[in-house]
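Worksheet: one structure, shown below.
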Amino acid sequence: MSTAHGRVKAAEAHPSSVRAMQVSSRAPADFSMPTDATRRKKSRCPGERPDCSSCQRLGQVCEYAGDEEADYARKMEQRIEGIEGKIDALMACFSNQNQPLLPSPSTTFQPRQPYPEPIPEASVTPSTPRTVVQNAIQLFHTYCNFQPLPLFHHKSFLPNESRDQELVLAMKALGLRFKGNGIADPEIDRQIKDWTESSSRMVMTRVAEGSVELSTLQSLCILTLIDYTAGHTLKAGANIRLALYVLQNLRFGSAEFTNLEDERDERLLLRWSLHMLANLIGEPPATNLRPVYNGHGSANANEMGIVGCAIQLSEVWGLAQSYAAAAITPDAPPPWAPHSDYSRITFRHTEFESVTPLRYRLHETRLDELTGAELQRQRDFWGHCLFFQLIFHAVPCLLNHPLLLSARLRNFRLTMPQSFIQHSYEQITLHAGWILHFIDLLGNKGYEVSDPTLGQAVVIVATIYLQHSFVEDVFFREKAQSGYDRCLKFLKKMALRWPNIERQVDNLGRLRSSISAGDVQNSRQTWSVNVRLLRDILIAAPPKQTAADILGPGLAMECALQIDSTTPDPEFELIGSAGISGHKTVARELVTYYPPEQVLQPTPPDLSALLGEPGMAFTGSNTAFLQPQDYGRFIDNWLDLPT
């Protein structure tokens, strides 16, 4: 019996229901065969068992209490079970806040939509405030991009989460350290580690599945910097080598970088970011930029931007780092030999200066005339300018560091040339003074330096000032002590952002505590110091157990990092000596830095035309020599003299 026929019989048995059917059947379609959806919508049958009260009251057959009702109930049960499962997962998430959440395998590498999506559970733990999550990418854009790695075009970069998830997590992990107290805050430090681990897992899954994209290589670049500054040097080296190997098999533009600050092609920016990063962490790529140094200048040298200058200087810095960490053989030539590593790096350093456009020199940038707010608004430009200035002065400080020079003179048995002693001492004094000048200048302007490489440059200078803090000359000693304290103050601020700088601050404190007074020889006080710790500071050596933490127990014992490559010279009286003058091959009675003053002083020449200030005189102790800031103006005016 059909459904329509059932309704007619019900109406004949109960006339009172006819009016109800007429009222509910105004539309002509209701007189035709109704659809299941229409009948369901008009039915009031609750499907009660064993008897339906509604149908019993209306005197009609219960039509929807069969298989359809059972199917509906089964679907409802499934929905309830799904909701209960989600609630259980959410409760488990809240009960396990200290462990990073992993992404669902089905959503790990889905292409992201052009509009921001809700943050997935893998990227943030429940205890992390959402404002922290949203600000992390903005902090990356402000303090990390172009400082020093030029990964993204600064002006067009959108600080949102519209990129692939592994890259978003890496950017957040690098940027979040610039919030508040940085890694000194346990919650921020924990979140940085969680994001770093999650991003690393996603990247390695990409590699294993054969789905490497541009964002994967960009993530590897950021993760390499994070791992290196955290002390995971083996992992950082593996990441950078993997990225460079993949890059070798891609066609990512030409080798020119005349104006990278305006470049929008992220493939080209990635190429030079990886090249620069490899130099900064001591893993130089197989090919360098040697063709730029052709000995006669370059036709497009003046067209090179500040980013290109910083990339070239990173190569010189990489050479200086290799110089500091190199094992010295017994037949190594003395530093002044033309084929020595000291001479070759000094040549590259001088050659780099010759191809640098004049507009990036200190006297042209007018850095001292700018306010802190002006520097902050253009951090992408001034970040590379500061890299150029501080690293340029840090290279001679590292090359002429007394400990590293003494290691190259262990087997030297002749008398050390007095001219070399004088040269090395003047180099570290001049360039360390310039770095200290920039520290004070930036501190007075309230500008926060965010590049960890600049922190290592200040660490090197701090060790020089610490050495000179124990000389006999009172004036010299007090100036050195003041310089060391100012370096330490600068480094303690950076230690809030970077674990490697935090480690170096601790090492400097241990180094100073290790200095102890020795015997008095020839009316001179001698000092002893932990030379091995000093060498570790100069090469930025991380704790060996941290550096090799990717090795299992079977390989950890075979790690080469457990073996020191060289032993510093124990006979070198480092502390309390000016420069290299404490070395055993130095004839002390010949060390005279300046000629003795004459009784009859000649009339000083009139150099006002050179200096451009007719009223400036050279009389008096405070103006006897040019100040550092006068050199650039002096040379410019000298070149402008009529011939």
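The values are calculated or read from the model by the stated rules, or taken from the named source; none is laboratory data. Here the structure is a predicted model, which means the values were calculated and not measured. Because the Cβ atoms are built from the backbone with ideal geometry, glycine has one as well, and the counts that use them run over all protein chains shown.
Assorted remarks:
- Some residue of the stretch 166-176 being among the small types (Gly, Ala, Ser), within 21 Å of Arg267 (Cβ to Cβ) and in contact (Cβ under 8 Å) with a residue 60 or more places away in the chain: no
- Selected residue (criterion: surrounded by the fewest Cβ atoms within 10 Å (Cβ to Cβ)) from residues of the stretch 462-494 that are assigned to a helix (DSSP H, G or I) and among the polar types (S, T, N, Q): Ser482
- Between Pro285, Pro333, the distinction of being at pLDDT below 95, in a loop (DSSP other than H, G, I, E, B), crowded, with 18+ Cβ neighbours inside 10 Å and out of contact with any Lys or Arg (no Cβ under 6 Å at 6 or more places or on another chain) belongs to Pro285 only.
- Options Glu448, Glu364, Glu351: the member that is under 23 Å from the mean Cα position of the chain (by Cα), surrounded by fewer than 20 Cβ atoms within 10 Å (Cβ to Cβ) and either among the acidic types (Asp, Glu) or not in a helix (DSSP H, G or I) (or both): Glu448
- Ile460 vs. criteria touching a Cys at 6+ places or on another chain (Cβ under 6 Å) and not assigned by TED's automatic domain parsing to the domain that holds Pro186: yes
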